[in-house]
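Below is one structure, written out as structure tokens, with a few remarks after it.
Here, each number is a calculation from the coordinates, and none is a lab measurement. Predicted, not measured: the structure shown is a model, and the values here were computed from it. Heads up, the Cβs are rebuilt from the backbone with ideal geometry, glycines too, and the neighbour counts pull from every protein chain shown.
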Amino acid sequence: MSETRVNVLIVGSGGREHALAAAVARSPRAGRILVAPGNAGTCEVGENIPVEPTDFDGLVKLARDRQIDLTIVGPEAPLCAGIVDRFQKEGLRIFGPTRAAARIEGDKAYAKALMRAADVPTADARVFTRFEDARTYVLTRSEGLVVKASGLAAGKGVVVCDTPAQTVLTLEKFMIERAFGDAADTVIVEERLQGEELSVLALISGRAICLLETAQDHKRLGDGDTGANTGGMGAFSPAPCATPNVLRAVERDVLLPIVDALARESHPYQGVLYAGLMLTPAGPKVLEFNCRFGDPEAQVILPRIRSDFLDLIEAVVDGRLEEADLQWDDGAAVCVVLASRGYPGPVEDGKVIDGLEAARRVPGVQVYHAGTRPLEHRILSKGGRVLAVTGLSETHEEARRRAYEAVGCLRFDGMQFRTDIGNRAL
Ligand code: AMP
Ligand code: GLY
């Protein structure tokens, strides 16, 4: 049977987008794959087009000119700015939530209100728009609290504080010094939860929910979960703490009620919904929702999908997720992120990356590019997270060994990485 090919546009330029492009490319139905703007890895899977993710006019024109049948959006910024609404208005098929539904990530105060209304377990929180009010509240408490910018802050707008004094200093940075600009005009101050963290991602199409395999992220910069919060320094999948009981509770107490609440507000969700959870003694509680695949969670989850990924994405977009057939590799994946010196702060670009060929030859390894660009016959770093090296195998131990063997082949000036990714799964 000859089937028509599907031309796909992937929006974004990180490791997640490289993993998305690679997953689409495995489908026998994949036609041309364009990535906007992409990186030095995605141009080996498809064609990079220099259009920025928030240039909606440029992306619509690209989708039209190149007969794109399906657009998949990686990062949160275009989703929260309404790329899906725009594409739908133009009659173009696109995977991801509308602007109103993406508020679940882009507006944390809204997400908290939604969780409260839907009775979804989450950390107790107060919302403030005035520094004085926030400070007065913090000084009535004896313990450290968590401060979050309500708006988008590139994964850096959360500080877990040890003491009330540190909480007040953080509020000053957010609300007086305005370190995140408008994103912290509204601030959430919430109780500090204890427990193991777990990421549960699910494909959602209206009220249909399809859980993906679980993952655990390593958010802190340093070994042993020390140092600054980052976008993620590594991940592994599956997460052993995600027992069948935990997953049942997450689906019943978190995903179903949230998806229902969004549908009731006339913002039915379509796309992937990412629940960042803390497994507390009182059960799973939501730390945050993201309206997209996680990065680096995508780099351990997507390579484990055995079914046709393009079929799955189309089932979500076309509202027939119930029919989708989702098969997984039984094994494990471990991903180690290689970052530039200075990350998560400012970094220097343009460092030559050596050893990519050798790393790729390690059996069971996928080297996803995160922040890279090609220049003549070389590949240069560009940005904080440079590469995401995923090892795949039957066991976590071997997946981890493979990932670190490949990491051992790679070098660039200022390269930093954690040496304990995946240890928690052993
Ligand atoms: P978020 O972007 O909201 O996931 O926050 C980033 C990281 O901060 C999370 O992955 C947790 O490690 C930590 N965090 C966020 N909220 C809390 C909380 N209420 N209690 C403890 N840690 C938290
Ligand atoms: N790795 C966490 C995130 O993508 O938000």
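Tabulated data
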{"read-out": "Of the GluC sites (Glu not before Pro) in the stretch 104-206, those whose Cβ has at most 16 other Cβ within 10 Å and which sit in DSSP loop", "value": "GLU143, GLU177, GLU191"}
{"read-out": "The stretch 1-71: GluC sites (Glu not before Pro) in DSSP coil with no more than 15 other Cβ atoms inside 10 Å", "value": "GLU3"}
{"read-out": "The stretch 43-56 - phi-based ³J(HN,Hα) in whole Hz, Karplus 6.51/-1.76/1.60, Gly and Pro as x", "value": "6, 8, 9, x, 10, 7, 10, x, 10, 6, x, 9, 8, 5"}
{"read-out": "FRET efficiency estimate (nearest 0.05) - Cβ-Cβ, THR280 to ALA165, R0 25 angstrom", "value": "0.50"}
{"read-out": "Potential lengthening between ARG252 and SER307 on full extension [0.36 nm per residue; Cα-Cα distance subtracted]", "value": "17.3 nm"}
{"read-out": "Net charge of Cβ neighbours under 15 Å - reference LYS89; Lys, Arg +1; Asp, Glu -1", "value": "+2"}
{"read-out": "The stretch 65-105 versus the stretch 372-426: alpha-carbon centroid distance in Å", "value": "30 Å"}
{"read-out": "Cα gyration tensor, the chain - rounded (a/c under 1.5), prolate or oblate", "value": "rounded"}
{"read-out": "Max mean-square fluctuation residue, GNM over the chain, Cα-Cα springs under 10 Å, options ARG135, ARG378, ARG93", "value": "ARG378"}
{"read-out": "Amide H contacts of GLY38 (H built 1.01 Å from N, under 5 Å, at least 5 apart or other chain)", "value": "GLY12, SER13"}
{"read-out": "Karplus-derived 3J(HN,Hα), 6.51/-1.76/1.60, for each residue of the stretch 242-253, Hz, glycine and proline x", "value": "7, 6, x, 5, 4, 5, 4, 5, 5, 5, 6, 9"}
{"read-out": "Residue-averaged 222 nm ellipticity for the chain, from DSSP H runs of 4+ at -39500 (n - 2.57), nearest 500", "value": "-7500 deg cm²/dmol"}
{"read-out": "Of HIS18, HIS396, HIS377, the one that fluctuates the most in a GNM where the chain has Cα springs shorter than 10 Å", "value": "HIS377"}
{"read-out": "Beta bridge orientation in the chain: antiparallel %, DSSP, nearest 5", "value": "80 percent"}
{"read-out": "9 Å beta-carbon shell around GLY350, net charge (K/R +1, D/E -1)", "value": "+1"}
{"read-out": "Surrounding net charge for THR230, when Lys and Arg each add one and Asp and Glu each subtract one, Cβ distance under 12 Å", "value": "+2"}
{"read-out": "Residue with peak Gaussian network fluctuation, the chain [Cα springs, cutoff 10 Å], from SER266, SER13, SER150", "value": "SER266"}
{"read-out": "GluC sites (Glu not before Pro) restricted to the stretch 352-426 and DSSP loop, no more than 12 other C-beta within 10 Å", "value": "GLU376, GLU394"}
{"read-out": "Placed amide H near ALA333: partners under 5 Å, 5+ positions off or other chain", "value": "SER237"}
